[in-house]
1. Which of the peptides 328-336, 451-459 is most tightly packed, and how do the rest follow, judged by the mean count of other Cβ atoms within 10 Å per residue?
2. Could you derive backbone 3J(HN,Hα) for segment 80-87 from the dihedral phi with the Karplus parameters 6.51, -1.76 and 1.60 (θ = phi - 60°), listing whole Hz in sequence and x where the residue is Gly or Pro?
3. For labels at ASP27 and LEU110 in the simple 7 Å Cα→Cβ model, what's the distance in nm?
4. Go through 468-480, 81-93, 266-278 and give me the packing order, highest mean Cβ count within 10 Å leading.
5. Averaged over all directions, how much area does the convex hull of the C-alpha atoms of segment 350-505 cover when projected, in nm²?
6. Hey, got the Cα dimensions of segment 384-466 along the principal axes, in Å, largest first?
7. Counting only residues 5 or more places away or on other chains, whose amide H sits under 5 Å from the amide H of CYS382 once H atoms are built in the peptide plane?
Amino acid sequence: MAIYDSLFSQLDVTSAQLLVTDNDFRDRDFRKQLTETVKSLMALKVIPVFNENDAVSTRKAPYEDSSGIFWDNDSLSALLALELKADLLVLLSDVEGLYSGPPSDPESKLIHTYIKEKHQNEITFGDKSRVGRGGMTAKVKASVHAAEAGIPVIITSGYAAENIIKVLQGQRIGTLFHKDAHKWAPVKEVDAREMAVAARDCSRRLQALPSEERKQIMLNIADALEANEKEIRTENEADVAAAQEAGYEKSLVARLFLKPGKITSLANNMRTIANMDDPIGRVLKRTEIASLAIRSGNGLLLKGGKEAKRSNAILHKVITEAIPDTVGGKLIGLVTTRAEIPELLKLDDVIDLVIPRGSNQLVSQIKSSTKIPVLGHADGICHVYIDKSANLEMARRIVLDAKIDYPAGCNAMETLLVHKDLADKNWLNDIIVDLRTEGVTLYGGPKASSLLNIPQARSFHHEYSSLACTIEIVDDVYAAIDHINLYGSAHTDSIVAEDHEVADAFLRQVDSAAVFHNASTRFSDGARFGLGAEVGISTSRIHARGPVGVDGLLTTRWILKGSGQIVDGDKAVSYTHRDLTAT
């Protein structure tokens, strides 16, 4: 108590010791007066310090008696938290929290969220505390008791500076006990192989269902997404705010933000897939679009960015809760950290296909570190070539749409190629003014930078994913084709030309997954192509190409012929898709 007095006096408050016994809590009047006593002391800036009055409880099984008998300081603290109706109980230990094994064991891992059903039979406790009769066993029992009664508990180190303040600020330290922990605890505490095996087991049950039942699951998920839109948006807005506060790039924040109508659009895309012909038997094992895997009877593991953890968690929750018990919610696993990816990439006996969606670094790393087939692209370096025969007003609209409609998209224009005959005309100057007016930063190749007096690009093979692009002057369509095949990423490239021989040469010879004529590169999208949704855009030459949907193992190139159409944010647009005679 002398130490407490010295400590609290520095904060201009006083401490007072309150001694209690087992029998005190059997007294109804004592328990009734307890809260009032504490409130009175706090009002006087007196911190109550509860301690046992040298009474030793003989009860072997604590908490079985409804009167709340305690047997150590930890059970006493849980009892007091319940009696005082506390908002939070913090138990201080000599270690960072609860570990999967003895903290001294290098193999032991800190458990951030305690899930009784998972951890109560898995944890190996070390020695008891050197001070008092408690120890981690007592702390866990006290925490479980308080949490089940509705009092959240954090076990954390009492030696680390400002740990109590960090807990109150919501920082993720120590081990959390909560009555709803089993509903939203991070899945990353589940072994990667266990998650993959569970997804495969569920997928086999899913494949055994009749087509109409699998279709109905998707329709139920679509309904659940719309029914939970408010909650999903709340979590997404929290992710966006956190990303902005953390200083993430604007392009990443733009991709993270759920635009108005996105949930409805996603639900409608799922309904489109549900109404497609049954594709069961196709192999599409792992994808970021749950609806495609469900329609094709596959399990999947989802890995989202850390900046979208709350959005991912709520979407995962909504979707898995719409899956019937006959299949099992483990059909879809949620991987929450990049650290788990190397372990997953070793599981070629369990995982059939990896579809990476993320940064160039992530995709490249995955491609080089697994024996599992990989479907995806590392870069989205898309080009628009303006031929001398182009309708220049059409070209202007297409260039602006391809760059500014959604700069963070992998199908946004990154390089503008212009025929040399247009270099001396006002059109090029006008489009530069238009792009700059929209906030686009311009870089040039060797020819364009000197001609237009703009900074030279460090590399033609660069994906800006933002309001920036490269401009270069080329001699003709064949020079444009050579440039694209040399520096592009085989994603999506477009030509604007009225000369159909020139256009046909471009469409035939540009070796990209999607090649367009007189249309914005932004059309390279599964939903816009009538696939309902996409798992990604593949640039592979021996796998699916272009936007990949439920029939994604067919080798496909997409050639789009337009007459100047632009996306312009899909304003007031209703896409229709009908089969035309092949030519």
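We did not get these values from a lab; they are worked out from the coordinates using the rules stated. As the structure is a prediction and not an experimental result, all values here were calculated from the model. So basically every Cβ, Gly included, is an ideal-geometry build from the backbone, and we count neighbours across all protein chains shown.
1. On the way: 328-336: 21.1, 451-459: 13.4.
Ranked from most to least packed, the peptides come out as 328-336, 451-459.
2. 3J(HN,Hα) across segment 80-87, in whole Hz: 5, 4, 5, 5, 8, 6, 5, 7.
3. That separation, rounded to one decimal, is 4.2 nm.
4. Details: 468-480: 20.7, 81-93: 16.8, 266-278: 18.4.
Result, highest mean Cβ count within 10 Å first: 468-480, 266-278, 81-93.
5. Numbers: hull surface 39.6 nm².
Directional mean of the projected Cα hull area for segment 350-505 stands at 9.9 nm².
6. 30, 27, 21
7. GLU414, THR415
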